[in-house]
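Undergrad: The structure under discussion is supplied below as structure tokens; questions concerning it will follow.
Any read-out appearing in this document is the output of simple, stated calculations on the displayed coordinates, not a laboratory observation. Just so it is clear, the model here is predicted, and its values are computed rather than measured. For neighbour counting, all protein chains shown are included, and Cβ atoms are generated from backbone atoms with ideal geometry for every residue, glycine included.
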Amino acid sequence: MNVIGNKYVFLGCSGLLIAASIVVIGTLGLKQGIDFTGGTMWQVTLGDERVNADGAKAFLSDELKLDDAIVTPEPATQSFLIRTKEIDEAKHVEYKAAFVKAYPNFEELRFDSIGPAIGSELRSRAIWAFLFVLLGISLYIAFAFRKVSYPVSSWKYGLITLLTLFHDAIIPTGLFAVLGYLYHAEVDTNFIVAILVVMGFSVHDTIVVFDRIRENLRLERSAKFDFDALVNTSVNETMARSINTSLTLVLVLVALYFLGSSSLAYFTLTILVGTVFGTYSSIFVASPLLTMWRKR
């Protein structure tokens with residue numbers, strides 16, 4: 001496959017996806033979960049099939065005075081996911097009693113309540129963790145390829161890896177902005193963990209391709225060799241391995257998405273989308289950028 005010969009097509013597709021992701025993030029924004037803003041996430045079953053999301057919201061507003069509550073039905077568990085302001089334990093007990101009185105078969109599946117100060121601290125730590133991971137990975141790649149300085153400097157390997165990781169992180173984030181707008185999907189600590197998992201998997205895949213390029217450079221004896229052809233050969237030598245490895249993970253994630261818990265659906269979807277684009281970037285983005293940078 002002539003990856004390097006068609007590099008502008010592959011890079012153009014990635015560029016369009018990145019631009020679209022930035023636009024939707026900028027216009028729609030990201031809906032932050034209670035992990036970062038503080039509040040309460042409450043999942044309950046009422047045991048009454050006649051009550052829909054509007055009925056549950058009316059009960060919260062009329063009986064419990066929770067006018068700002070957002071109610072989302074969870075068909076898989078026949079429950080409702082309630083997002084509202086922070087509820088302390090005394091109010092929690094009081095509200096449960098009100099639910100039980102109105103709906104005798106009421107059952108609580110989940111209750112998480114986080115104060116705004118803790119949420120702000122978690123958000124700050126998540127951002128710093130994300131930045132340190134990016135910096136650490138780039139420095140590690142530059143160090144690992146320190147003996148390969150020709151025809152591309154080792155620090156460029158690190159910087160290109162950083163660009164591909166941005167590619168792999170921004171596209172799922174753009175998708176999440178759309179899901180947040182359409183389905184109230186929230187960015188929380190699970191989302192951060194999912195992005196870090198994607199980055200770890202992606203950088204591993206990129207290193208495999210770069211490592212094959214490094215090995216082929218060591219075997220090259222000619223004084224004047226075609227670097228583009230060498231990179232293209234290296235990519236093709238590792239392509240089957242990259243796709244097959246990713247495919248095993250993708251199959252597991254697809255099964256988890258459709259058969260697993262609904263509470264982990266967005267977490268699974270983020271890793272799934274990130275894995276697909278991470279594999280794409282290691283083959284069709286990182287190596288073409290290497291050849292383009294070398295010519296500058």
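Undergrad: Out of all Cα-Cα pairs in the stretch 149-232, roughly what percent, to the nearest whole number, are more than 17 Å apart?
TA: The share of Cα pairs beyond 17 Å in the stretch 149-232 comes to 59 percent.
Undergrad: Only Lys, Arg, Asp and Glu count, each charged at its Cβ (+1, +1, -1, -1), so figure out the dipole size of the stretch 154-243 about its Cα centre, rounded to 20 debye.
TA: On the way: 7 positive and 10 negative charges, 77 e Å.
The dipole magnitude comes to about 380 debye.
Undergrad: Test of understanding: what is the full-extension gain from Thr45 to Val252, defined as 0.36 nm times their sequence separation minus their Cα-Cα distance?
TA: Full extension from Thr45 to Val252 adds 71.6 nm.
Undergrad: When only C-alpha pairs under 8 Å and at least 6 residues apart count, what is the relative contact order of the chain, in percent?
TA: Numbers: 387 pairs, mean separation 74.5, N = 296.
Here the relative contact order equals 25 percent.
Undergrad: Would you compute, for the Cα atoms of the stretch 1-58, the largest minus smallest coordinate along each principal axis and list the three values in descending order, in whole Å?
TA: 61, 28, 19
Undergrad: Quote the FRET efficiency, to the nearest 0.05, computed for Thr189 versus Asn6 with a Förster distance R0 of 45 Å and r equal to the Cβ-Cβ distance. Don't skip to the end; give the middle numbers.
TA: On the way: r = 39 Å, r/R0 = 0.87.
Working from the Cβ atoms, E equals 0.70.
Undergrad: Among Gly200, Thr238, Ala76, which residue has its Cα furthest toward the positive end of the charge dipole of the chain, with +1 on Lys/Arg Cβ and -1 on Asp/Glu Cβ?
TA: Thr238
Undergrad: Next question. Could you give each residue of the stretch 193-198 its phi-based ³J(HN,Hα) in whole Hz, using Karplus coefficients 6.51, -1.76, 1.60 with θ = phi - 60°, and x for Gly or Pro?
TA: Values, residue by residue: 4, 4, 5, 5, 4, 4 Hz.
Undergrad: Still on this structure: Can you tell me the 0 to 90 degree angle between the C-alpha axis of helix 265-284 and the longest principal axis of the chain, rounded to 10?
TA: The two axes meet at around 10 degrees.
Undergrad: Please report the Cα spread of the stretch 70-171 along all three principal axes, rounded to whole Å, starting with the longest.
TA: That works out to 75, 31, 18 Å along the principal axes.
Undergrad: Points 7 angstrom from Cα along the Cβ direction at Ile18 and Met292: gap in nanometres?
TA: 0.8
Undergrad: What's log10 of I(q)/I(0) for the chain at q = 0.09, 0.13, 0.14, 0.16 Å⁻¹, Debye sum over Cα points only, no solvent?
TA: Log10 of I(q)/I(0), two decimals: -0.56, -0.92, -1.02, -1.22.
Undergrad: Can you compute the equivalent ellipsoid semi-axes for the stretch 46-106, i.e. the square root of 5 times each eigenvalue of the Cα gyration tensor, sorted largest first and rounded to whole Å?
TA: One finds semi-axes of 18, 14, 11 Å for the stretch 46-106.
Undergrad: Relative to the Cα centre, what is the charge dipole magnitude of the chain, using +1 at the beta carbon of each Lys and Arg, -1 at the beta carbon of each Asp and Glu, and rounding to the nearest 20 debye?
TA: 1780
Undergrad: Can you work out the Karplus-derived ³J(HN,Hα) for every residue in the stretch 19-28? Use 6.51 cos²θ - 1.76 cosθ + 1.60 with θ = phi - 60°, whole Hz, and x for glycine or proline.
TA: After applying 6.51 cos²θ - 1.76 cosθ + 1.60, I find 4, 4, 5, 5, 5, 5, 5, x, 8, 8 Hz.
Undergrad: Using alpha carbons only, what's the Rg to Rh ratio of the stretch 201-296 with Rh from Kirkwood?
TA: With Rg and the Kirkwood Rh in hand, the quotient comes to 1.13.
Undergrad: Hey, another quick one. Let me see the P(r) profile for the stretch 81-239: every Cα-Cα distance counted, bins of 5 Å, each bin given as a percent of all pairs.
TA: Bins of 5 Å from zero give 1, 7, 12, 13, 12, 10, 9, 8, 6, 5, 5, 4, 3, 2, 1, 1, 0 percent of pairs.
Undergrad: Straight-line reach from Lys224: which aspartates and glutamates have a Cα under 20 Å away, not including same-chain ones fewer than 8 places off?
TA: Glu215
Undergrad: Could you give the length gained by full extension between Lys85 and Leu182, i.e. 0.36 nm per residue of separation minus their alpha carbon distance, to one decimal place?
TA: Contour length minus Cα-Cα distance gives 32.8 nm.
Undergrad: So who's got an amide H within less than 5 Å of the one on Gln32, skipping anything under 5 residues away but keeping other chains? H placed 1.01 Å off N, in plane.
TA: Val187
Undergrad: Let's test this: bin the Cα-Cα distances of the stretch 1-129 at 5 Å from zero up to the farthest pair and state each bin's percent.
TA: 2, 9, 14, 16, 13, 10, 9, 7, 6, 5, 4, 2, 2, 0
Undergrad: For Asp226 and Ile243 in the same chain, what is the full-extension length gain: residue separation times 0.36 nm, less their Cα-Cα distance, in nm? If you can, show how the numbers build up before the last one.
TA: On the way: separation 17, 0.36 × 17 = 6.12 nm, distance 2.59 nm.
Taking 0.36 nm per residue and subtracting the Cα distance, the gain is 3.5 nm.
Undergrad: Place the peptides 4-12, 199-207, 47-55, 80-88 in order of packing, highest mean first, counting for every residue the other Cβ atoms within 10 Å and averaging per peptide. Show your work: numbers first, answer last.
TA: Values: 4-12: 15.2, 199-207: 21.6, 47-55: 11.6, 80-88: 18.4.
Listed from highest to lowest mean packing, they are 199-207, 80-88, 4-12, 47-55.
Undergrad: A follow-up question, please. Taking R0 as 41 Å, what FRET efficiency do you get between Phe166 and Ala97 from their Cβ-Cβ distance, rounded to the nearest 0.05?
TA: Working: r = 50 Å, r/R0 = 1.22.
That gives a FRET efficiency of 0.25.
Undergrad: Of the listed peptides 187-193, 170-176, what is their order by residue-averaged count of other C-beta atoms within 10 Å, with the highest listed first? Don't jump to the answer; show the numbers that get you there.
TA: Numbers: 187-193: 19.9, 170-176: 22.6.
Packing order, densest peptide first, comes out as 170-176, 187-193.
Undergrad: Taking Cα centroids, how far is the stretch 121-166 from the stretch 224-287 in Å?
TA: The distance from the Cα centre of the stretch 121-166 to that of the stretch 224-287 comes to 19 Å.
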